[in-house]
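Data block below; observations after.
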Amino acid sequence: MTKSLMQNSFDPKEIRWDLAIFYRWDKHGKFVLRPRYQTFACPTCGKIDPKAALEAGIDADIELKEPNLDAIPTTDEQTILSMRCYEALTSLAGVKLESWRIPKQSNHVLVLPGNLVLPPSNLAAGKKMSPREVVESKIPYRRHGEKCKRCGRYEGLTISSGFIEVAESIQLAGLWLERSTLAVPYIAWMISNRVAESLEKNRFRGIRIEKSYYATGLTLAQT
(Lines give C-alpha, C1' and ligand atoms only; values in the text may rest on other atoms or scores of the structure.)
Protein backbone atom coordinates (compact mmCIF):
# COMPACT_ATOMS: atom_id res chain seq x y z
CA MET A 1 0.00 0.00 0.00
CA THR A 2 1.19 3.51 -0.78
CA LYS A 3 0.21 6.39 1.45
CA SER A 4 -2.47 8.38 -0.34
CA LEU A 5 -2.19 12.00 -1.41
CA MET A 6 -5.91 12.32 -0.69
CA GLN A 7 -6.00 13.67 2.83
CA ASN A 8 -8.59 16.45 2.93
CA SER A 9 -12.32 15.98 3.23
CA PHE A 10 -14.93 16.94 0.66
CA ASP A 11 -16.96 18.97 3.18
CA PRO A 12 -19.91 21.13 2.17
CA LYS A 13 -19.43 24.74 3.24
CA GLU A 14 -23.06 25.71 2.70
CA ILE A 15 -25.65 22.98 3.07
CA ARG A 16 -28.93 23.26 1.14
CA TRP A 17 -31.34 23.00 4.06
CA ASP A 18 -34.28 22.55 1.70
CA LEU A 19 -32.76 19.59 -0.15
CA ALA A 20 -32.47 16.00 1.13
CA ILE A 21 -32.39 12.59 -0.53
CA PHE A 22 -33.12 10.09 2.25
CA TYR A 23 -35.06 12.43 4.52
CA ARG A 24 -38.00 14.80 4.31
CA TRP A 25 -39.72 17.25 6.63
CA ASP A 26 -43.06 15.97 7.95
CA LYS A 27 -46.09 18.13 8.71
CA HIS A 28 -44.73 18.84 12.18
CA GLY A 29 -41.44 20.11 10.78
CA LYS A 30 -39.53 17.02 11.92
CA PHE A 31 -36.69 15.70 9.78
CA VAL A 32 -37.61 12.03 9.16
CA LEU A 33 -36.65 9.17 6.86
CA ARG A 34 -38.70 9.03 3.70
CA PRO A 35 -41.20 6.12 3.71
CA ARG A 36 -39.40 4.59 0.70
CA TYR A 37 -36.33 3.91 2.87
CA GLN A 38 -37.81 3.03 6.25
CA THR A 39 -37.78 -0.72 5.55
CA PHE A 40 -34.00 -0.52 5.07
CA ALA A 41 -33.39 0.84 8.60
CA CYS A 42 -31.67 -1.42 11.13
CA PRO A 43 -34.31 -2.38 13.73
CA THR A 44 -31.83 -1.69 16.53
CA CYS A 45 -29.98 1.53 15.64
CA GLY A 46 -31.96 2.86 12.66
CA LYS A 47 -28.94 3.12 10.34
CA ILE A 48 -29.38 2.26 6.66
CA ASP A 49 -27.04 1.14 3.90
CA PRO A 50 -27.29 3.94 1.30
CA LYS A 51 -26.47 1.72 -1.68
CA ALA A 52 -29.08 -0.87 -0.79
CA ALA A 53 -31.66 1.83 -0.12
CA LEU A 54 -30.98 3.66 -3.37
CA GLU A 55 -31.83 0.52 -5.32
CA ALA A 56 -35.41 1.35 -4.30
CA GLY A 57 -35.09 4.59 -6.28
CA ILE A 58 -35.24 8.28 -5.43
CA ASP A 59 -38.44 10.22 -4.74
CA ALA A 60 -39.72 12.45 -7.55
CA ASP A 61 -40.14 15.52 -5.34
CA ILE A 62 -36.38 16.26 -5.25
CA GLU A 63 -36.02 19.77 -6.63
CA LEU A 64 -32.71 21.48 -7.39
CA LYS A 65 -33.20 25.19 -6.84
CA GLU A 66 -29.69 25.95 -8.09
CA PRO A 67 -29.46 23.73 -11.19
CA ASN A 68 -26.52 25.66 -12.62
CA LEU A 69 -24.18 24.37 -9.91
CA ASP A 70 -21.87 21.49 -10.74
CA ALA A 71 -21.77 20.20 -7.15
CA ILE A 72 -24.63 20.39 -4.66
CA PRO A 73 -24.54 19.14 -1.05
CA THR A 74 -27.73 18.04 0.68
CA THR A 75 -28.97 18.34 4.25
CA ASP A 76 -28.46 14.61 4.75
CA GLU A 77 -24.80 14.79 3.67
CA GLN A 78 -25.19 13.45 0.12
CA THR A 79 -23.49 14.80 -2.99
CA ILE A 80 -25.14 15.68 -6.30
CA LEU A 81 -22.97 16.38 -9.36
CA SER A 82 -23.80 17.82 -12.74
CA MET A 83 -23.40 15.41 -15.63
CA ARG A 84 -20.58 17.62 -16.91
CA CYS A 85 -18.67 17.23 -13.64
CA TYR A 86 -19.51 13.54 -13.34
CA GLU A 87 -18.26 12.80 -16.86
CA ALA A 88 -15.08 14.81 -16.30
CA LEU A 89 -14.28 12.85 -13.14
CA THR A 90 -15.09 9.41 -14.50
CA SER A 91 -12.97 10.04 -17.59
CA LEU A 92 -9.86 10.06 -15.36
CA ALA A 93 -7.89 6.90 -14.64
CA GLY A 94 -8.19 5.79 -11.03
CA VAL A 95 -11.58 7.46 -10.50
CA LYS A 96 -14.71 5.36 -9.93
CA LEU A 97 -18.11 6.83 -9.11
CA GLU A 98 -21.45 5.14 -8.57
CA SER A 99 -24.43 7.17 -9.69
CA TRP A 100 -28.21 7.20 -9.37
CA ARG A 101 -30.64 9.09 -11.56
CA ILE A 102 -32.73 11.79 -9.88
CA PRO A 103 -36.28 11.93 -11.29
CA LYS A 104 -37.01 15.08 -13.32
CA GLN A 105 -33.32 16.09 -13.14
CA SER A 106 -31.67 15.09 -16.41
CA ASN A 107 -28.54 17.19 -15.88
CA HIS A 108 -27.56 15.98 -12.39
CA VAL A 109 -26.98 12.64 -10.63
CA LEU A 110 -26.55 11.52 -7.05
CA VAL A 111 -23.08 10.03 -6.60
CA LEU A 112 -20.93 8.03 -4.21
CA PRO A 113 -17.23 7.25 -4.61
CA GLY A 114 -16.71 3.79 -6.04
CA ASN A 115 -13.74 3.23 -3.74
CA LEU A 116 -14.86 3.47 -0.12
CA VAL A 117 -12.51 3.21 2.86
CA LEU A 118 -14.49 1.36 5.52
CA PRO A 119 -13.70 1.60 9.25
CA PRO A 120 -12.33 -1.37 11.22
CA SER A 121 -14.91 -3.40 13.12
CA ASN A 122 -13.13 -3.37 16.47
CA LEU A 123 -12.71 0.31 17.31
CA ALA A 124 -12.54 1.22 20.97
CA ALA A 125 -14.50 4.24 22.18
CA GLY A 126 -12.69 7.47 21.33
CA LYS A 127 -11.74 10.25 23.67
CA LYS A 128 -11.51 13.96 23.05
CA MET A 129 -8.00 14.79 21.86
CA SER A 130 -6.15 17.92 20.89
CA PRO A 131 -4.90 18.20 17.27
CA ARG A 132 -1.39 17.40 18.49
CA GLU A 133 -2.61 14.28 20.33
CA VAL A 134 -4.42 13.13 17.20
CA VAL A 135 -1.20 13.37 15.17
CA GLU A 136 0.90 11.67 17.84
CA SER A 137 -1.60 8.83 18.35
CA LYS A 138 -1.53 7.78 14.66
CA ILE A 139 -5.04 6.36 15.15
CA PRO A 140 -7.07 7.43 12.10
CA TYR A 141 -10.59 6.68 13.36
CA ARG A 142 -12.34 7.85 16.50
CA ARG A 143 -15.52 6.09 17.59
CA HIS A 144 -18.25 8.08 19.32
CA GLY A 145 -21.09 6.32 21.12
CA GLU A 146 -21.99 2.67 20.83
CA LYS A 147 -21.51 0.08 18.10
CA CYS A 148 -24.75 -1.57 16.99
CA LYS A 149 -24.79 -5.26 17.94
CA ARG A 150 -27.09 -6.07 15.03
CA CYS A 151 -25.63 -4.26 12.00
CA GLY A 152 -22.17 -3.32 13.29
CA ARG A 153 -22.44 0.41 12.51
CA TYR A 154 -21.02 2.97 14.89
CA GLU A 155 -23.24 5.70 16.31
CA GLY A 156 -20.64 8.29 15.42
CA LEU A 157 -17.30 8.03 13.61
CA THR A 158 -14.73 10.71 12.82
CA ILE A 159 -11.27 10.50 11.32
CA SER A 160 -7.83 12.03 11.13
CA SER A 161 -7.41 11.46 7.41
CA GLY A 162 -3.66 12.07 7.34
CA PHE A 163 -3.16 8.46 8.42
CA ILE A 164 -5.40 6.73 5.88
CA GLU A 165 -3.64 4.65 3.23
CA VAL A 166 -5.06 3.53 -0.11
CA ALA A 167 -3.56 1.91 -3.18
CA GLU A 168 -1.49 4.28 -5.30
CA SER A 169 -3.69 3.58 -8.33
CA ILE A 170 -6.77 5.04 -6.59
CA GLN A 171 -7.16 8.73 -7.41
CA LEU A 172 -10.50 9.38 -5.68
CA ALA A 173 -11.77 7.71 -2.52
CA GLY A 174 -14.51 8.15 0.02
CA LEU A 175 -14.05 7.73 3.76
CA TRP A 176 -17.08 6.17 5.47
CA LEU A 177 -17.88 8.29 8.54
CA GLU A 178 -20.94 8.41 10.79
CA ARG A 179 -23.09 11.17 12.25
CA SER A 180 -25.13 10.28 15.32
CA THR A 181 -27.96 12.41 13.92
CA LEU A 182 -28.20 10.60 10.56
CA ALA A 183 -29.15 7.08 9.48
CA VAL A 184 -26.93 7.31 6.40
CA PRO A 185 -23.13 7.65 6.50
CA TYR A 186 -21.29 10.87 5.79
CA ILE A 187 -18.78 10.19 3.01
CA ALA A 188 -15.66 12.38 3.10
CA TRP A 189 -14.33 12.71 -0.45
CA MET A 190 -10.58 12.61 -1.05
CA ILE A 191 -8.81 13.37 -4.33
CA SER A 192 -5.26 13.24 -5.62
CA ASN A 193 -3.33 16.24 -6.91
CA ARG A 194 -3.79 14.97 -10.46
CA VAL A 195 -7.58 14.94 -10.12
CA ALA A 196 -7.51 18.37 -8.49
CA GLU A 197 -5.53 19.81 -11.40
CA SER A 198 -8.04 18.41 -13.89
CA LEU A 199 -10.99 19.87 -11.97
CA GLU A 200 -9.36 23.28 -11.70
CA LYS A 201 -9.03 23.47 -15.47
CA ASN A 202 -12.78 22.94 -15.89
CA ARG A 203 -13.78 25.70 -13.42
CA PHE A 204 -16.82 23.87 -12.15
CA ARG A 205 -19.39 25.94 -10.28
CA GLY A 206 -19.88 25.11 -6.62
CA ILE A 207 -16.49 23.45 -6.18
CA ARG A 208 -13.39 24.95 -4.61
CA ILE A 209 -10.08 23.10 -4.70
CA GLU A 210 -8.11 23.46 -1.49
CA LYS A 211 -4.43 22.66 -1.16
CA SER A 212 -3.01 21.89 2.27
CA TYR A 213 0.29 20.89 3.81
CA TYR A 214 -0.54 17.25 3.09
CA ALA A 215 -2.20 17.21 -0.29
CA THR A 216 -5.27 18.38 -2.17
CA GLY A 217 -8.91 18.24 -1.20
CA LEU A 218 -12.17 18.96 -2.97
CA THR A 219 -14.64 21.21 -1.17
CA LEU A 220 -18.05 22.52 -2.11
CA ALA A 221 -17.82 26.28 -2.42
CA GLN A 222 -20.24 28.80 -0.95
CA THR A 223 -22.51 30.37 -3.53
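Tell me, please, whether a residue that is within 30 Å of LYS201 (Cβ to Cβ), aliphatic (A, V, I, L, M), at pLDDT below 95 and not in a strand (DSSP E or B) can be found in segment 21-33. Walk me through it before giving the result.
The initial filter retains those residues of segment 21-33 that are within 30 Å of LYS201 (Cβ to Cβ), namely 21.
From what is left, the residues that are aliphatic (A, V, I, L, M) are 21.
Checking which are at pLDDT below 95 leaves us with none.
For segment 21-33, residues within 30 Å of LYS201 (Cβ to Cβ), aliphatic (A, V, I, L, M), at pLDDT below 95 and not in a strand (DSSP E or B): absent.
Of the residues that make up segment 60-68, is at least one under 15 Å from VAL184 (Cα atoms) and in contact with a strand residue (DSSP E or B) (Cβ under 8 Å, 6 or more places away or on another chain)? Show your work before the answer.
Start the filter on segment 60-68 by keeping residues that are under 15 Å from VAL184 (Cα atoms), which leaves none.
Within segment 60-68, none of the residues are under 15 Å from VAL184 (Cα atoms) and in contact with a strand residue (DSSP E or B) (Cβ under 8 Å, 6 or more places away or on another chain).
Out of (1) closer than 22 Å to LEU182 by Cβ; (2) at pLDDT 90 or above; (3) within 17 Å of the chain's Cα centre (by Cα), what's the single condition that is false for CYS85?
(1)
Might you let me know whether segment 84-98 holds any residue that is within 19 Å of TYR186 (Cβ to Cβ) and surrounded by fewer than 21 Cβ atoms within 10 Å (Cβ to Cβ)? Even if it seems obvious, please write down each step before you answer.
Of the residues in segment 84-98, the ones within 19 Å of TYR186 (Cβ to Cβ) are 97-98.
Remaining after also requiring surrounded by fewer than 21 Cβ atoms within 10 Å (Cβ to Cβ): 97-98.
Yes, segment 84-98 contains a residue that is within 19 Å of TYR186 (Cβ to Cβ) and surrounded by fewer than 21 Cβ atoms within 10 Å (Cβ to Cβ).
What's the total number of residues in segment 27-43 that are surrounded by 12 or more Cβ atoms within 10 Å (Cβ to Cβ) and hydroxyl-bearing (Ser, Thr, Tyr)?
Of the residues in that region, 1 qualify.
Determine which member of the set LYS147, LYS138, LYS128 is at positive phi and modelled with pLDDT under 95. Quick ask: steps written out before the conclusion?
Numbers: LYS147 fails: at positive phi; LYS128 fails: at positive phi.
Every option except LYS138 fails the conditions.
If you go through segment 31-39 one residue at a time, do you hit one that is hydrophobic (A, V, I, L, M, F, W, C) and in contact with a Pro (Cβ under 9 Å, 6 or more places away or on another chain)? Walk me through how you get there before you give the answer.
Of all residues in segment 31-39, those hydrophobic (A, V, I, L, M, F, W, C) come to 31-33.
After this cut, where a residue has to be in contact with a Pro (Cβ under 9 Å, 6 or more places away or on another chain) as well, the list is none.
The answer is no; no qualifying residue exists.
Can you tell me how many residues within segment 38-91 are aromatic (Phe, Trp, Tyr) and not in a helix (DSSP H, G or I)? Lay out the reasoning, then the answer.
Of the residues in segment 38-91, the ones aromatic (Phe, Trp, Tyr) are 40, 86.
Restricting the remaining residues to those that are not in a helix (DSSP H, G or I) gives 40.
The qualifying residues number 1.
Would you tally the residues in segment 180-199 being without any contact (Cβ under 8 Å) to a residue 40 or more places away in the chain and closer than 20 Å to ILE170 by Cβ? Break it down into steps so the answer makes sense when it comes.
Kept after step one, since they are without any contact (Cβ under 8 Å) to a residue 40 or more places away in the chain, are these residues of segment 180-199: 180-181, 196-197.
Add one more test, that the residue is closer than 20 Å to ILE170 by Cβ, and what stays is 196-197.
Number of matching residues: 2.
So which of THR39, THR90, THR74 is β-branched (Val, Ile, Thr) and modelled with pLDDT under 95? Let's see the steps before the verdict.
Numbers: THR39 fails: modelled with pLDDT under 95; THR90 fails: modelled with pLDDT under 95.
Residue meeting the stated conditions: THR74.
The values are calculated or read from the model by the stated rules, or taken from the named source; none is laboratory data. This is a predicted model, so every value here is computed, not measured. Here Cβ is always computed from backbone atoms with ideal geometry, including for glycine, and neighbour counts include all displayed protein chains.
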